[in-house]
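Worksheet for the structure shown next.
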Amino acid sequence: MIRAVVRGIGSYLPERVMQNAEFANDLGLDTSDEWIRERTGIQQRYIAAHGQTTADLGYEAAKKALAHADCMPADLDLVLVATSTPDLTFPSTATMIQHRLGMSHGAAFDVQAVCSGFLYGIHLASKLIEAGAHKRILLIGAETFSRILDWDDRGTCVLFGDGAGAVVLEAEEGSERGVIHSVIRSDGAHKDMLYVDGGPSATGTVGKLRMLGNAVFKHAVKDIAGIIEQCADEADVAVTDIDWFVPHQANQRILVAVAKRLKLRPEQVVSTVASHANTSAASVPLAMDAAVRDGRIKRGDSVMLEAFGGGFTWGACLLRY
Ligand code: ACO
């Protein structure tokens, strides 16, 4: 049996750090550091420099993942980029990064599932590897959500940041490690709760993010807990036997509520929301990379990744690192 093993991981954050206090002090919004910390757990976020694009962030994360995997771009046969903030409507951000890596072989395309994009990407990549269609896939989650925020809307602009994370997934025959099971879901009925009010075909504009945060919160907790249980059940693994949980980093209160429902120990749940805020499709690989770098997640540990986002979309993936 062929498994998709995480051979390497890397991430990149832009230089500029934006503190919570700047929303009130510099943008004149009716908010405070205290409100943002208390209601979300967010303390700061990283913001891409003027002219720095999603492909730029994704390329930096890709180089780090390739170095960690001890791989060259020549070794890859597919580049996938999970993003909802592509550089251009087309060509895909993936082909731009492919070119930047010096690859004129293989294929590249974008995956769009908003904050669940990385989970959709790992589901797809692992299936392609298991089917024997690809041997080594670079999967990147990269976003510049700062470009689609309404900076006058205190209910959304305080929540998001920019960044990128990447993994190199490799086919390994008979491995104990790698992706064990993954599940993806979507339901378009709730579009009005979380969407961007523009697009090439509907308005000819890029649009700004709109969200009914409170309603999304309730769906997120229920659906994330449900899909983690489904993924573990289908893999015949008890949730309580999993070593690490790497959630989408939207709100610390969502992480805590899900952990409570599933009776997880707080120290098993990797949280980077305080320093990264919500980086959409980049948040899971950014958080996983942080826990790999600081030595928490070790080779052979079991890891549950999960995410929830616009669509609604949601997903979970159990792997052995
Ligand atoms: N500062 C001060 N007050 C604020 C702010 C702010 N930044 N934002 C909202 N408020 C106010 C509201 O206006 C409201 O005031 P009112 O009572 O006078 O009407 C009050 O705070 C409470 O608002 P709620 O929306 O009920 O606050 P809540 O506790 O739900 O927190 C939040 C809001 C942080 C958005 C939360 O609901 C949340 O995290 N939701 C989920 C986000 C998420 O998971 N999104 C999915 C992924 S994102 C993606 O896919 C792109």
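The values are calculated or read from the model by the stated rules, or taken from the named source; none is laboratory data. Quantities reported herein were computed from a predicted structural model and do not represent experimental measurements. Quick reminder, even Gly has a Cβ in these numbers, built from the backbone with ideal geometry, and neighbours come from all protein chains shown. Accessible surface areas use protein heavy atoms only, side chains included; no ligands, DNA or RNA. Shrake-Rupley method; radii C 1.70, N 1.55, O 1.52, S 1.80 Å.
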With (1) on the phi > 0 side of the Ramachandran plot; (2) within 16 Å of the ligand (Cβ to nearest atom) as the list, and G51 as the residue in question, which single condition is left unmet? (2)
Contacts under 6 angstrom Cβ, first residue in region 25-44 being farther than 17 Å from D150 by Cα, partner among the small types (G, A, S) and near the ligand (Cβ under 9 Å from one of its atoms), 6 or more apart: S32/A24
Looking at V179, V237, which is the one that is assigned to a loop (DSSP other than H, G, I, E, B), away from the ligand (no atom under 14 Å from the Cβ) and closer than 26 Å to R7 by Cα? V237
Give region 207-228 a look and list any residue that's within 10 Å of the ligand (Cβ to nearest atom) and in a helix (DSSP H, G or I), or say none. G213, N214, A215, V216, F217, K218, H219, A220, V221, I224
Hits in region 83-109 - residues which are under 17 Å from R136 (Cα atoms) and either within 16 Å of the ligand (Cβ to nearest atom) or crowded, with 24+ Cβ neighbours inside 10 Å (or both): A94, I97, Q98
If you take just the helices (runs of 4 or more DSSP H) that sit entirely in region 248-307, which of them hold at least 2 residues that are open to solvent by less than 10 Å² (accessible area, probe 1.4 Å) and away from the ligand (no atom under 14 Å from the Cβ)? 283-293
